[in-house]
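A.B. asks: A single structure is presented below for examination.
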Amino acid sequence: MPASDSRRTAAETAVYAVPDDMRISVGAPSLAALPNGALLAAFDQAGPDVKGLPGKKGHDAKRNRWMQGRVMRSADGGTTWKLSATYPFRDASLFRDGGDVYLLGEASGGLCLMRSPDGGGSWSAPLELTGDQGVRCSPTAVVAQDEWWHVPCLAPSGGDWGLVVWRAPRGASLMNRKAWTAGPVSPPLAHWLPEHAGACGVPWPGSRPSWRHPVAIPEVDARHPWHGGGRLQIAAPAGVGREHWAVRVRVDNDWGIAPQEIEGGEPWLWVPWPGGHAKFDLFFDEFGGRYWLAGSRGQGKLALGREAGNEAGLKAIGVWTSANLADWVFVADLARGGEGASGVRCDPSLASCGADLVMVCRAGGPQSRRARETTRVVCSRLEQFRTLSGAG
């Protein structure tokens, strides 16, 4: 992953900050850019004081926890933000279908959906799509490919987690429960692990990889050796004990999930991947014909085993670009924090807004006691991103 000469850091603005006297933390955000330049960001709130918040709330009886999400809207490119809606579910993703904006997430193991017909000005009541399926979502791009919307999720499988793709027809009435169906649930990741250690990229000894934060990849180049002729591919961090590696599988035409195979029938699971050790986001820019990825820069030293997941590495988010998902070029820093829990920057979400690249992520604050207790959501904007070094 060669580095570019452009080491620019995008300017950071505040989307939301938890009040100092509130015992609340924020979760990973989702971002959508509208054709008129407006931005929408959605994220969870969790903690003891969520129960007393005004607005729509949900209660997870399994965990005895209250949950509330917030949708924030910016009409000035991310400089200032105002509350658009609250919602009673979590881990939600924003996406557009025609003139409508949707927010899809999970509550107590089932998928939930809200719709805005006017760019976030008003929202429908939440609709429970599936009932309890044991599903876990991750704020990520809901991908359109062929005639379908694709949403990768986690579901219980063999005592661990498997991957499953929920789908709905493009242009359909998405607020209709009958529009949504799911493919088969994959085996746990450990099911495909080779019995013997091999080349670099095999999980570090003692690590127990499992699916996390899956991202669907559209428009895979059919000439690339990793392309399996399926509908699309999925890449995900998996806790392999090495920074900048991820797991990659394909979604077949029957909606099943399977790895590529190398000689001898062994699965080809692990690939070098910028920020692949933590939650990342990726989209395909049709205008420029390139993939853009935001992810953790990791630590400055070689991190292996448990150190590869060390929260000390969650201090900076970078952006990389690639034409083929194999050769990555670093472009710029999108966010960079300082020392301690307040300096955490993690869990990015990307969108292109005209000629600019916009990102939101969660960040530590003065009241953060540990790295995962983030109390802010911040936004950064990289102007004229297609013209930056390595992206031409």
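The values are calculated or read from the model by the stated rules, or taken from the named source; none is laboratory data. Everything quoted here is computed from the prediction, not taken from an experiment. Note that we place each Cβ from the backbone using ideal geometry, even for glycine, and neighbour counts take in every protein chain shown.
A.B. asks: Looking only at the stretch 34-66, which residues are aliphatic (A, V, I, L, M) and over 19 Å from the mean Cα position of the chain (by Cα)? Even if it seems obvious, please write down each step before you answer.
C.D. replies: So the first thing to find is which residues in the stretch 34-66 are aliphatic (A, V, I, L, M), and the list is 34, 38-42, 46, 50, 53, 61.
The answer is Ala38, Val50, Leu53, Ala61.
A.B. asks: Could you list, in sequence order, all residues of the stretch 154-181 that are assigned to a strand (DSSP E or B) and in contact with a helix residue (DSSP H, G or I) (Cβ under 6 Å, 6 or more places away or on another chain)?
C.D. replies: Here is the first cut: in the stretch 154-181, the residues assigned to a strand (DSSP E or B) are 154-157, 160-169, 181.
Across the stretch 154-181, the qualifying residue is only Ala168.
A.B. asks: Gly134 - would you say it is part of a loop (DSSP other than H, G, I, E, B) and surrounded by fewer than 21 Cβ atoms within 10 Å (Cβ to Cβ)? Before you say what the answer is, go through the steps one by one.
C.D. replies: Details: part of a loop (DSSP other than H, G, I, E, B): yes; surrounded by fewer than 21 Cβ atoms within 10 Å (Cβ to Cβ): yes.
Answer is yes for this residue.
A.B. asks: Looking for whichever is under 17 Å from Val319 (Cα atoms) and modelled with pLDDT of 95 or more here; the options are Ser389, Ser349. Which one fits? Write out each step before concluding.
C.D. replies: Values: Ser389 fails: modelled with pLDDT of 95 or more.
The conditions single out Ser349.
A.B. asks: I'd like the residue in the stretch 269-306 that is over 23 Å from Val142 (Cα atoms) and surrounded by fewer than 16 Cβ atoms within 10 Å (Cβ to Cβ) and, out of all such residues, is modelled with the highest pLDDT.
C.D. replies: Pro272
A.B. asks: Restricting the first residue to the stretch 230-241 and requiring it to be touching a residue at least 60 places away in the same chain (Cβ under 8 Å), which pairs with a second residue that is hydroxyl-bearing (Ser, Thr, Tyr) and not in a strand (DSSP E or B) meet a Cβ separation below 7 Å and a spacing of at least six or different chains?
C.D. replies: Matching pairs, first to second residue: Gly239/Ser207; Gly239/Ser210; Val240/Ser207; Gly241/Ser207.
A.B. asks: When you check Leu111 against the structure, is it surrounded by 22 or more Cβ atoms within 10 Å (Cβ to Cβ), more than 18 Å from Leu34 (Cα to Cα) and among the hydrophobic types (A, V, I, L, M, F, W, C), yes or no?
C.D. replies: Working: surrounded by 22 or more Cβ atoms within 10 Å (Cβ to Cβ): yes; more than 18 Å from Leu34 (Cα to Cα): yes; among the hydrophobic types (A, V, I, L, M, F, W, C): yes.
For Leu111, the condition - surrounded by 22 or more Cβ atoms within 10 Å (Cβ to Cβ), more than 18 Å from Leu34 (Cα to Cα) and among the hydrophobic types (A, V, I, L, M, F, W, C) - is met.
A.B. asks: Here is a follow-up. Anything in the stretch 66-96 that is assigned to a strand (DSSP E or B) and surrounded by fewer than 16 Cβ atoms within 10 Å (Cβ to Cβ)? List them, or say none.
C.D. replies: In the first step, residues of the stretch 66-96 are kept if they are assigned to a strand (DSSP E or B); the result is 66-74, 82-87, 90-96.
Across the stretch 66-96, the qualifying residues are Lys82, Leu83.
A.B. asks: Another question, then. Between residues in the stretch 26-54 that are over 20 Å from Ala294 (Cβ atoms) and residues that are crowded, with 20+ Cβ neighbours inside 10 Å and of a type in the set (Ser, Thr, Tyr), which pairs lie under 9 Å by C-beta distance while being six or more apart or on different chains?
C.D. replies: Once the first residue is over 20 Å from Ala294 (Cβ atoms) and sits in the stretch 26-54, its partners that are crowded, with 20+ Cβ neighbours inside 10 Å and of a type in the set (Ser, Thr, Tyr) give Ala38/Ser74; Gln45/Ser25; Ala46/Ser25; Gly47/Ser25.
A.B. asks: If you check Ser186 against the conditions, is it in a loop (DSSP other than H, G, I, E, B), among the hydroxyl-bearing types (Ser, Thr, Tyr) and loosely packed, with under 15 Cβ neighbours inside 10 Å?
C.D. replies: Values: in a loop (DSSP other than H, G, I, E, B): yes; among the hydroxyl-bearing types (Ser, Thr, Tyr): yes; loosely packed, with under 15 Cβ neighbours inside 10 Å: no.
No, not satisfied.
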